[in-house]
Structures are given as structure tokens and as C-alpha cells.
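For reference, the structure is listed below as C-alpha cells.
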Amino acid sequence: MIRSYTSFPLDDDLVDRILTLLPDFSSLRSAIRISKAVHQVFQRRPNSIIRAVAENLVGPSLPQALRVARLQQHSIAKDKRGDFTLDELPAEEIVQNVVLTSTDAQLLAKNAPVVHDLEDLYSWRNKDRTSKVSKLSEHESVPFHRAIYRFWAYQVIFGNQLPEEYDDEDEEDFHDDDYDELYETNHEKRVSFIKSIPDPEHCEFLRGVKFLGETLAWVETATGLHPNLTFEQYAMSFGPKVVLDSYRTGGTTFDTLRNGRRVLFIWQTLPEVLGVNYVDWMLAPEGQVPFVTQVNGAADKCQRCDAVKGVELWNISNFSHLKGMAYVGSTIAADLPGRLSENVYECRSLHACVKKRAFSWEIMMHQMFNAAEGWNENDWLCIDCISAFRKEHLMGWWVNRKLAGGSLLLEDCWYGYNCRTQVHKEAHASKLNHLCAPTRGDA
């Protein structure tokens, strides 16, 4: 056994082993500062230790992740106008003997949390509704990571970048004026890139693309917009991090992209690889296969109606996701009683409220459950039962919300929510309160 310092209690081989088991580069930096003995072990074997930590951080998809990191350092990341061939660009490598630079390590550490967080989201919606931390098995997780990193590589080569991604002062726009021309110029390279993916892994790549598009469609619905395939493709041209940031905040990045060009990014390329239209592929059996091979709680039932719904069950732990679901979040006014769903004045106010970025569906549902008898926010419910619950309690919640916000208490319309006039006369709809039960007949 060799010890760099006799006063240090651990042998060098054991120190080396400990360093290679560290989960990330931040932990490695901290560890080698513990003592001169540890630092000296690292200095003797930096390549193998850094490579081992990279594998711990990224996992089996390190070849794909390293390719992304090296593409991000390549001139292609900034300038897509130059003439290039795919063979000139960094490729997926067997990393057993590769030497990682400090920049490689920094970019791997920067990119890995994006892919891990996207996996958490995918798992929550498709594998285990009870956990916001991924429950994917290794057999499920590896293809997911591989797909996202390969799409990321495609994006770095052929996509856009936000101005703040680089420090160059002249990098002030998205180069939209050149994008159509560049798209046509690089068309064959796009096709070649996708065809270079091994055949058995084509479908996982496409499933990754599909998931990113679905995530952006969720954001559009959550922010009160109608899902738009062309916009989703344009937003995807900025990469997985922009997709994740849009999901998390729906903030300024998303608004900036809404003002950009509507250019299809990858869907026009896929038919030449698939032999069929991408939409047709998504609807075909092979397009319906998920990364998940086994769903946790697949046989779970709604605790209200006993319908078997599996991951499509909801309670206070995942109500927040309802905001961006097209058949729930975009149609909330349909759950108002009577003819209120046709009251343009009231529906406009309600939708404006719930589509605000700061608005919490979790808090809204919590408040409704608190005011309801015979319902429990911790029960797992299907969408049909949630809709039935909202039909009973949404109007009362909306009245309280308006009053808490300082709205004046208007005189009740005799015909309440069944009033016919509220439907075609907005002046009447705004003058009287229709969020009440009728005290006279239908009119």
C-alpha cells in the first residue's frame, strides 16, 4: 500500500477509489482541497478520476453528453453560416480513454441538470404520478437521456441560440433573416445527422422530440395560448434548456420566442428518415410506445368513481399540472353552472385570472376543497370527477376570489346563472351579478 503522506490515514488507492465515486465535479473540487495528500492523488491520476466523476454525473449517456459539450465549444455553435461537414464536427466517442478538459467538465455539469430535470418531469407524468423525482429504471432512463442529448446535439448544429448564450457583442438577434436559407442549405446534413443514429435508437430519438413538443404545448395552454405546432418547432430550435425554462416559468424567454419567426425545425426533416409524415408516425403504434415499460400504479382507481386511471389520477400533489392540460386548463369556464360559460364578460375575467403566470392551480383547488363537504384534496381523482367537483364549487370560489380582489358586489340578476340575456348582451352581463342561483324562472 502506498501513501503520499504517512500522516494521512488512507492509502492512495483507497483515496483514488473514493474520488472516482464522487457524484459531481463540485464534490470533486471540495474533496481535493481537503488535504495535500488527497490533492496529490488527484494530480497523479486526473484523467481517470475526472472521467469517472463525469460518468457518475451523466451516466451511460456520457458519449452523447460529451458530444453536446464539445459541439457547444465548436465554432458551429455560434456560426452556422460557414461551410462544414458532419465529419468535421465532434462525434459520439467511446469515452474509456478520452481526456476531458476543464471546459468539457464545466459544460457537462451545466447541461446534466437540464436533462435530469426533464427526466423528472417525464417520469412524473408518465411513470409515477406520486413522485416529482424520477422513478425511471435504468432501462428506461438511459434511452431518455440518450434521446435528449442527441436532440441537443442536433440543435447546437442546426438550431438557434438566445443572444445571452454567448458573450459576443454583435450577437444581438436570432438571425431569423438567414434561417430559411440556412435551413435549405443544411437540409441534407440534417437528414444525414438523424440517419446516423443507429436504427434501433431512431424511435427513442423521436420520442424525445415528441416529449419536448408536448411540454411546449403544455406551456402554451398554461399561458392562455392555443398550441401551435410551428411555434413549438421554432422554440425547440433553441434547445432543451429553453423548453425546460419555459415549462418552469413561462417567463420572458417564452415571450421573446413568441415574437420570433415560425420556422419548422425538425419535423420537415423527419419524413425523409421515417418514410412517413411525423404526425402519422405519432399516431401509429410505434409512435405511441413510451420510454416507460412499466407504470407505477397503473391499476390504481379513482377514489370517487372506481375508474381505473393509473397515472391520470390527480390530487393536491399534482393539481399544478392541470393548468396546461388542453382538456382541463383551457376550458375551465365550461365548469360554471347554467349559461355562465357563454357569458363573455365573466369568462374573460376568469380566464385572465387563471392564466396569469403567478396563478396557482394548487392553491385554487385547495381553497375549493376547503369549502367543500364530502370531498378530500388528498384523494386520487380522475378528470371526470374533478370536473364534477369544479361544477359544484367553481362558481363559489370565483365569487370569493373576485371579492377578495376588491371587486364590487353587484346586484343579483333575478335569473342568475340561467339568464339568457347575459349571453348576448355584455352590458347586461357586466351590470348585474350572474354568479348566483336564479330566484325567478328562465329569461
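When the helices of the chain are scored as -39500 (n - 2.57) per DSSP H run of n ≥ 4 and the total is divided over every residue, the value at 222 nm lands at -15500 deg cm²/dmol.
Taken one residue at a time, the phi angles of region 389-399 give Karplus couplings (6.51, -1.76, 1.60, θ = phi - 60°) of 4, 5, 4, 7, 10, 5, 4, x, 5, 5, 4 Hz. Gly and Pro are set to x. Residue ranges 349-362, 47-60 sort as 47-60, 349-362 when ordered by packing (mean number of other C-beta atoms within 10 Å per residue, highest first). Within the listed set GLY275, GLY310, GLY338, the residue fluctuating most in the Gaussian network model of the chain (springs between alpha-carbon atoms under 10 angstrom) is GLY275. Between the beta carbons of ASP79 and HIS39, assuming R0 = 60 Å, the FRET efficiency works out to 0.90 to the nearest 0.05. Counting only alpha carbon atoms, the long axis of helix 344-354 and the longest principal axis of the chain meet at about 30°. Just name one of VAL15, LEU350, GLY239: the one whose Cα is farthest towards the positive end of the charge dipole of the chain (beta-carbon charges, Lys/Arg +1, Asp/Glu -1). Value computed over the given set: LEU350. In plain terms, the chain from VAL95 to LEU14 could stretch by 26.8 nm, reckoned as 0.36 nm per residue minus the Cα-Cα distance. Judged by the ratio a/c of the largest to the smallest principal axis of the C-alpha gyration tensor, the chain counts as prolate, that ratio being 1.5 or greater while a/b is larger than b/c. Summary value for the chain: 11 percent relative contact order, contacts being C-alpha pairs under 8 angstrom separated by 6+ residues. Along the axis of the charge dipole computed for the chain (Cβ charges of +1 for Lys and Arg, -1 for Asp and Glu, origin at the Cα centre), the listed residues ILE363, SER131, PHE158 are led at the positive end by ILE363. In sequence order, region 232-241 has phi-based couplings of 4, 5, 5, 4, 5, 5, 9, x, x, 5 Hz under the Karplus curve 6.51 cos²θ - 1.76 cosθ + 1.60, θ = phi - 60°, and Gly or Pro positions carry x.
How do THR20, THR230 line up, fewest other C-beta atoms within 10 Å first? Ordered by Cβ neighbours within 10 Å, fewest first: THR230, THR20. Would you mind telling me which residue in ARG125, ARG401, ARG390 has the biggest mean-square fluctuation in a Gaussian network model of the chain, where springs connect alpha carbons within a distance under 10 angstrom? Most flexible of the set in this elastic network: ARG401. Scanning residues 5 or more positions from ASP412 or on other chains, those with amide H under 5 Å from its amide H are ASN433, with H placed 1.01 Å from N in the peptide plane.
Along its first, second and third principal axes, ordered by size, region 364-443 spans 41, 28, 20 Å in Cα coordinates.
Gap in Å between the Cα centre of region 64-115 and the Cα centre of region 33-59? With region 33-59 and region 64-115 each reduced to a Cα centre, they are spaced 21 Å.
The C-alpha atoms of the chain define a longest principal axis, and helix 202-222 lies at about 40 degrees to it.
Residue-wise HN-Hα couplings along region 310-319, as the Karplus relation 6.51 cos²θ - 1.76 cosθ + 1.60 with θ = phi - 60° gives them from phi, are x, 6, 8, 10, 9, 8, 4, 6, 9, 4 Hz; Gly and Pro carry x. In terms of distances greater than 19 angstrom between alpha carbons, the cross-link table entries LYS210/LYS241; LYS127/LYS210; LYS135/LYS356; LYS323/LYS356; LYS135/LYS195; LYS402/LYS431 yield LYS135/LYS356; LYS135/LYS195.
Here, each number is a calculation from the coordinates, and none is a lab measurement. What you see is a predicted model; the values in this text were computed from it and never measured. Quick reminder, even Gly has a Cβ in these numbers, built from the backbone with ideal geometry, and neighbours come from all protein chains shown.
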